[in-house]
Amino acid sequence: MSTQQQEPETQEAPEDPEMKGAQSPQDRRLAEKESGAIDEESEKKAELEGETVHIKVFRYDPEVEGKQEPRFDDFHVPFEKGMTVLDAVIYARDEYDSSLTFRHSCRQAVCGSDAFFINGKQRLACKTQLSELEQPVRIEPLPHQEVVKDLVVDMGHFYDQMHAVEPYFQDEDTPEVSDLEEQHQSPENREKIKMSSRCIWCGACMSSCNIAAGDNQYLGPAAINKAYKFAMDDRESEEIKEHRLRILEQEHGVWRCQTQFSCTEVCPKDIPLTEHIQELKREAVKKNLKFW
Amino acid sequence: MAERYSSFVPGGTAWLLQRITAAFLVVVLAFHFFQLHFVNHAADVTFQGTQARMSNVGYFLTMVLFLIAGAFHGLNGVYNALVNQGLDGTPKKVVLAVLTIAGVALVVQGTYVALAMAGWT
Amino acid sequence: MSQSYNRGLVEDFGRWKEFTAGMWAWIFHKFTGWMLIGYLFTHIAVLSTAIGAAGDTAAIQAETDIYTTTIQGLEELFIVRVLEVGLLAVAVFHILNGLRLLMVDLGIGLEAQDKSFYASLILTGVITVASVPTFMKGVGF
Amino acid sequence: MYEHDVIVVGAGGAGLRAAIAAHEAGADTALVSKLHPVRSHTGAAEGGINAALQEGDDWELHAYDTMKGSDYLGDAPAVETLAQDAPEDTMRLEHWGMPFSREEDGTVSQRPFGGLSYPRTTYAGAETGHHLLHTMYEQVVKRGIQVYDEWYVMNLATTNEPDPNDRECHGIVAYDVQSGNIEGFKANDGVVLATGGPGQAFDHTTNAVSCTGDGHAMAYRAGVPLEDMEFIQFHPTSLPSTGVLISEGVRGEGGILYNSEGERFMFEYGYANNSGELASRDVVARAELTEVDEGRGIEDEYVHLDMRHLGEERIVDRLENILHLAEDFEGVDGLVEPMPVKPGQHYAMGGIETDENGQTNIDGLYAAGECACVSVHGGNRLGGNALPELIVFGKRAGRHAAGEDLGEPEIETGYTGDIEDEDDAGFPVTPGRAGLDDVDEAIASDGGVTADAKGLLERAVERERDRVERLLERDEGVQHAEIRSKLQQAMTDYVNVFRTEDGVKKALKIIRECRQEYQNVYVDDPSRTFNTDLQHTIETRNLIDVAETIALGALVRNEFRGAHWRQENQRRDDENWLKHTMVSWDGGEPSVWYRPVILEGEEKTYEPKERSY
Ligand SMILES: Cc1cc2nc3c(=O)[nH]c(=O)nc-3n(C[C@H](O)[C@H](O)[C@H](O)COP(=O)(O)OP(=O)(O)OC[C@H]3O[C@@H](n4cnc5c(N)ncnc54)[C@H](O)[C@@H]3O)c2cc1C
Ligand code: HEM
Ligand code: SF4
Ligand code: F3S
Ligand code: FES
């Protein structure tokens, strides 16, 4: 991750790794506007500069004629050092086609809005450097989810699965009024749940999992990971942990996972999802063995 | 939401058995292959040879267990694969029934064959 | 997830190219598993000839009983030998990958899951090739 | 039409906390948010939550530090409430399962933070905000509180009595982003605005794209004054291309700032001869911009933050996430190159005027979180003081809205006759309404008939439907993106870290132009489905209103206090300016007036002292 990857990958847009002369898109836009440039011109200009990135973006709108049949639109976006896929689609939207629709908000990989299928892999657009990708960069909505419009997918099912694991701390003894006694937790235990707690609900893992694609009821890696966070937290009691395992153990729970590892591979937060799922399977088996 | 999953079916037992049979199968299958392709070549198999091996009670029992394990492992695997593809509701019950019957039939037939081989029929 | 919406072209086109090691392992394991269970049924069917053969001591002595002749008859066929090599390949892959999966279940070597998959593939190839002479011995062309 | 007792607009830290509190107080509560709750910008906060938890620490110290940090522009009752309630509310988070970082003995860790006299910043790794947000959302799920996510709130339904203090808020109008349906939401007890910061008014910001000051603008147009809007905190180290924050940790560990000549300018040019890179945020931000202005910036835009000399081991050990940030968002490897940084808008201290219970001058309208100004941060927010504000005042607003009695507030809200007005600000243009068509009026034209809340709401819904219809029907004109970037650029050019009278006036002129251009704005995307073009167009209108209040505040406040710096008077001027700047939108004409700061606390009075750097 921390290695510099700046090789130019295409002939089409040879990019200078040391390129330093770039302005921010905002500046450039402003400069163009001041000189009275309009959209077509900026496109031409962009091409002239030679340093453009070619992106192909999936388009679909159930309502608009001409977009009802899914198609790909091509955009050529001026490249600058450090540009991410999100920057490129924002540019395409603001400069070429304001109806280009996608979710995004934080631009820093914490809100989980912009997981797309980029060059055949689920990635966060804001966290993916264009320079790392082969061109043309193909940008599609997450597979296996219903497309609402362009890159926007219906996350409803994903949320349902997340909610299905009772994703909240359960501690019936929580005092209602003030003077809360601090609960203690060892740093080791906190370390154990650290990775699992980093999930930003982007849905990339769920989209990458063939089992989740085939079995709509499968809880999916993100929800199981969410449950892991609670099940492994020592602050919750043993009974509640057992209750959690029972939820995970149902037919469409952990057992459905076939250790495909694609979830682990695509997770932008580097959560070892498969490992967590496997650990829960073992926990569940151990718990059942106790009753035998 | 949560209610949707409330039909509590522990998949854990089948999952564990799938692993246990797998571990068992590794050993026996290796033995089986070795026995019938390397020690005795398949082409040279005769009823006599088979009978000699099968009438050993230990071998007989191993082979029957091998069969049971293989049948369970294979059919449970198939069932799992189908459930993974979203098999649900009545078809799922039907498939489970069919697979169980096929499995039982396979084991019964196989055991009968083994008995015949051992000459204990 | 949702399967109700057909994304047509986009959903189906060339998706497999984007599979990663773990997904290939899953596909192959599935495929080989189904082959094996299919074979198990056939195998028992073939062996069932033993039921007919049992009891006829004379034929058994002369090695002309139906069990012996069926098996040997099959083994003489080149195609059967080839299929046997195939079966071995399938079984070996399933076993090796099965062992890989068992390791994964125990939480061992998770970081090397892709490497272990490639290793199973290579080993399967090697073992299969190495076994060809034994399997092909004495078959008429 | 939907109906609930309490409607919370916005589901960031403040909104979620308010919803939980209102629910606990027995109200039928709903959250309406343009983003799914877990996407809110609270998730980006890294540093921590200030709360006096430990033995030896004390809420009074926390209050003192906050007051001092605010440059004596915080109101003591608010500051003391924050400091008093923060420990309990932080512990409540712990009980809800928030994964705080821990000490060896299992207790919650606390670390030192700038401006604090005691290490009282409670944190959860470098992701405190993420955990806070998720933990509270989990509690919302647990309680089954109704969440309308991806519903964009367009306006409030308030009555239109001539005196804003007599108005009542009965609900909101929102549209379902997914389907384009516009609906009314009737609030029987109250509406809580928790819409976050207005960072997008600036070109370069650490805030999310969704931080567009919608709540500010809605409340403002409905007649609630915006308070101390000129106080905007700029963070000195954000990445130039995206505005992603590079935490103070880098400088804390020994990172050095260089200009294009390779000079360590903090010392070389005497910006901070003692603390150098570690001087306070505004000092460093001003230094960086001076370098750029004097031609020593790199690419005429930024400076370099170099940490290579710290060595790979130390960097990986302590600043690993910085390496990832620089790599992922700027394509720079911090181990082999210096990182480009420049000041970015970070936090708005001002906001919707409320009292300690979160209530505004309009009956039934509350605000909490970054969009509100209670005011605890005054002229300058201390690191780690925003998150406790969310939970403390979010909770109070939620409770009060649900009808719980929290006692008489000490802070007054709303304009009353006996207050000092700004008469001669020398505005270069008439700010406000000029040129905006009347559909954008927030208040209903029902002549103050308050009895029929439903009818009021229906009319408000109609008005919004009209507005959308007009935006969609028009086929030509200007697109919002053009106006927005013009506005953002003007704010960054002229109302940034350095403010001059001439500059701010220029900004006001441009804002006025933006207003006029907005007259011809149109939405190109004809679809009703997930029309982000439409949403952004409405947001841009809000940004114009908010930007104007920031500029107006910056123009009138001729002194240097906290984050606000004015070239013409570069010192804190307690004699003239120990007061809050208020901007009211009355009938479309912004008026500026002032409210005295309350420095008398429960037991002591906070005497202004020099803020020493
Ligand atoms: C990078 C960064 C780091 C920070 N670090 C710290 C720190 O370490 N410590 C600290 O104390 N503070 C920190 N802060 C400040 C603090 O995080 C914010 O002030 C705080 O999170 C704001 O929370 P909020 O609930 O008010 O708003 P947000 O979390 O921004 O939530 C706003 C909500 O309102 C909704 N909304 C907005 N407009 C509408 C509308 N029109 N209709 C419907 N819904 C709407 C949004 O969907 C969202 O849910 C940091 C800020 C940033 C940017
Ligand atoms: C010899 C050693 C064997 C090992 C180590 C082994 C291992 C495994 C494992 C671990 C699985 C589970 C995969 C999962 O759920 O993720 C599996 C699945 C399966 N196995 Fe085996 N197996 C062996 C032999 C066999 C045999 C002999 C058969 C045939 C009778 C067989 C048929 C199957 C089938 C059909 C599946 C299901 C595949 C699917 O998912 O579609 N296996 N095997
Ligand atoms: S586990 Fe990873 S990939 Fe899955 S939703 Fe969470 S952050 Fe996204
Ligand atoms: S991709 Fe799916 S099969 Fe398991 S390891 Fe991940 S959940
Ligand atoms: S924009 Fe928030 S995760 Fe990418």
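The values are calculated or read from the model by the stated rules, or taken from the named source; none is laboratory data. Please read these numbers as outputs of a predicted model, since none were measured by experiment. Note that we place each Cβ from the backbone using ideal geometry, even for glycine, and neighbour counts take in every protein chain shown.
Side notes on the structure shown:
Results for (1) touching a Cys at 6+ places or on another chain (Cβ under 8 Å); (2) within 16 Å of ligand 5 (Cβ to nearest atom); (3) within 14 Å of chain A (Cβ to nearest Cβ), shown as yes or no for each residue.
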{"position": "D:Glu183", "(1), (2), (3)": "no, no, no"}
{"position": "D:Lys186", "(1), (2), (3)": "no, no, no"}
{"position": "D:Gly196", "(1), (2), (3)": "yes, yes, yes"}
{"position": "D:Gly199", "(1), (2), (3)": "yes, yes, yes"}
{"position": "D:Thr206", "(1), (2), (3)": "no, yes, yes"}
{"position": "D:Ala217", "(1), (2), (3)": "no, no, no"}
{"position": "D:Ala222", "(1), (2), (3)": "yes, no, no"}
{"position": "D:Glu227", "(1), (2), (3)": "yes, no, no"}
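- A Cβ distance below 8 Å, combined with a sequence gap of six or more or placement on separate chains, defines the contacts here; from the range A:261-274, residues that are assigned to a loop (DSSP other than H, G, I, E, B) reach residues that are within 16 Å of ligand 1 (Cβ to nearest atom) in the pairs A:Pro268/A:Ala109; A:Pro268/A:Lys127; A:Pro268/A:Ile200; A:Lys269/A:Ala109; A:Lys269/A:Ile200.
- Any chance B:Ala81 is modelled with pLDDT of 90 or more, under 29 Å from C:Ile127 (Cβ atoms) and at the interface with another protein chain (Cβ under 8 Å from one of its Cβ atoms): no
- If you go through the range C:67-79 and keep only what is more than 9 Å from chain B (Cβ to nearest Cβ) and either on the phi > 0 side of the Ramachandran plot or among the β-branched types (Val, Ile, Thr) (or both), you end up with C:Thr69, C:Thr70, C:Ile79.
- Filter result (away from ligand 4 (no atom under 15 Å from the Cβ) and over 14 Å from B:Leu16 (Cα atoms)) within the range C:93-109: C:Phe93, C:His94, C:Ile95, C:Leu96, C:Leu99, C:Ile108
- The set of residues in the range A:272-281 being crowded, with 24+ Cβ neighbours inside 10 Å and within 19 Å of A:Leu124 (Cβ to Cβ) consists of A:Leu273 alone.
- For the range C:86-100, a residue qualifies if it is within 10 Å of chain B (Cβ to nearest Cβ) and closer than 29 Å to B:Thr111 by Cβ, and the qualifying residues are C:Leu87, C:Leu88, C:Ala91, C:Val92, C:His94, C:Ile95, C:Gly98, C:Leu99.
- Odd one out for D:Arg541 among (1) under 27 Å from D:Ser70 (Cα atoms); (2) touching a Phe, Trp or Tyr at 6+ places or on another chain (Cβ under 8 Å); (3) of a type in the set (D, E, K, R); (4) part of a helix (DSSP H, G or I): (1)
- Matching option when the condition is within 16 Å of ligand 3 (Cβ to nearest atom), farther than 17 Å from D:Trp96 by Cβ and touching a strand residue (DSSP E or B) at 6+ places or on another chain (Cβ under 9 Å), among A:Ala204, A:Ala213, A:Ala164, A:Ala223: A:Ala204
- Filter pass, D:Leu156 being away from chain A (no Cβ under 11 Å), surrounded by 20 or more Cβ atoms within 10 Å (Cβ to Cβ) and under 21 Å from the mean Cα position of the chain (by Cα): yes
- Whichever residue in the range A:84-107 is in a helix (DSSP H, G or I), in contact with a Lys or Arg (Cβ under 8 Å, 6 or more places away or on another chain) and more than 22 Å from A:Glu134 (Cα to Cα) and, among such residues, is nearest to the other protein chains (Cβ to nearest Cβ): A:Asp94
- Taken together, the residues in the range C:25-41 that are touching a helix residue (DSSP H, G or I) at 6+ places or on another chain (Cβ under 7 Å) and within 13 Å of C:Leu121 (Cβ to Cβ) amount to 4.
- Residue in the range D:580-587 that is of a type outside the set (Val, Ile, Thr), closer than 26 Å to D:Ser280 by Cβ and assigned by TED's automatic domain parsing to the domain that holds D:Gly379 present: yes
- Whichever residue in the range D:53-90 is free of Cβ contacts under 8 Å to residues at least 60 places away in the same chain and surrounded by 21 or more Cβ atoms within 10 Å (Cβ to Cβ) and, among such residues, is nearest to the other protein chains (Cβ to nearest Cβ): D:Pro87
- Candidates in the range A:222-255 are the residues that are within 12 Å of chain C (Cβ to nearest Cβ) and either within 16 Å of ligand 2 (Cβ to nearest atom) or of a type in the set (S, T, N, Q) (or both); of these, the one that is surrounded by the most Cβ atoms within 10 Å (Cβ to Cβ) is A:Val254.
- Among (1) within 12 Å of chain B (Cβ to nearest Cβ); (2) within 28 Å of B:Ile68 (Cα to Cα) - the single one C:Thr64 does not satisfy: (2)
- Residue ID - surrounded by the fewest Cβ atoms within 10 Å (Cβ to Cβ), chosen from residues in the range C:109-141 that are modelled with pLDDT under 85 and closer than 30 Å to A:Pro272 by Cα: C:Glu111
- Among all residues of the range B:82-99, there is none that is in a helix (DSSP H, G or I), in contact (Cβ under 8 Å) with a residue 40 or more places away in the chain and in contact with a Phe, Trp or Tyr (Cβ under 9 Å, 6 or more places away or on another chain).
So that you can scan it fast, the table gives a plain yes or no per residue for (1) at the interface with chain A (Cβ under 9 Å from one of its Cβ atoms); (2) more than 30 Å from D:Tyr220 (Cα to Cα); (3) in contact with a strand residue (DSSP E or B) (Cβ under 9 Å, 6 or more places away or on another chain); (4) among the charged types (D, E, K, R):
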site: D:Val244; (1), (2), (3), (4): yes, no, yes, no
site: D:Glu253; (1), (2), (3), (4): no, yes, no, yes
site: D:Gly262; (1), (2), (3), (4): no, yes, yes, no
site: D:Glu320; (1), (2), (3), (4): yes, yes, no, yes
site: D:His324; (1), (2), (3), (4): yes, yes, no, no
site: D:Glu327; (1), (2), (3), (4): yes, yes, yes, yes
site: D:Met339; (1), (2), (3), (4): no, yes, yes, no
site: D:Gly350; (1), (2), (3), (4): no, no, yes, no
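- Identity of the residue in the range D:501-528, hydroxyl-bearing (Ser, Thr, Tyr) and surrounded by 20 or more Cβ atoms within 10 Å (Cβ to Cβ), that ends up nearest to D:Gly432 (Cα to Cα): D:Tyr518
- Taken over the range A:192-221, the residue count meeting the criterion of being within 14 Å of chain B (Cβ to nearest Cβ) and either within 16 Å of ligand 1 (Cβ to nearest atom) or polar (S, T, N, Q) (or both) is 3.
- Selection status of D:Asp75, under 25 Å from D:Ala372 (Cα atoms), among the acidic types (Asp, Glu) and touching a strand residue (DSSP E or B) at 6+ places or on another chain (Cβ under 7 Å): no
- Boolean, D:Gly383 is more than 16 Å from ligand 2 (Cβ to nearest atom), within 14 Å of another protein chain (Cβ to nearest Cβ) and within 30 Å of D:Ile315 (Cα to Cα): no
- Taking residues in the range C:40-60 that are without any contact (Cβ under 8 Å) to a residue 40 or more places away in the chain and within 12 Å of B:Thr121 (Cβ to Cβ), and partners anywhere that are surrounded by 18 or more Cβ atoms within 10 Å (Cβ to Cβ) and among the acidic types (Asp, Glu), the pairs with Cβ atoms closer than 7 Å and at least 6 places apart or on different chains are C:Ala53/C:Asp65.
- Test for A:Thr101: is it buried (at least 20 other Cβ atoms within 10 Å of the Cβ), under 30 Å from D:Ala126 (Cα atoms) and in contact (Cβ under 8 Å) with a residue 40 or more places away in the chain: no
- Qualifying residue in the range A:109-116 (condition: surrounded by 24 or more Cβ atoms within 10 Å (Cβ to Cβ), within 16 Å of ligand 4 (Cβ to nearest atom), within 17 Å of the chain's Cα centre (by Cα) and over 27 Å from D:His480 (Cβ atoms)): no
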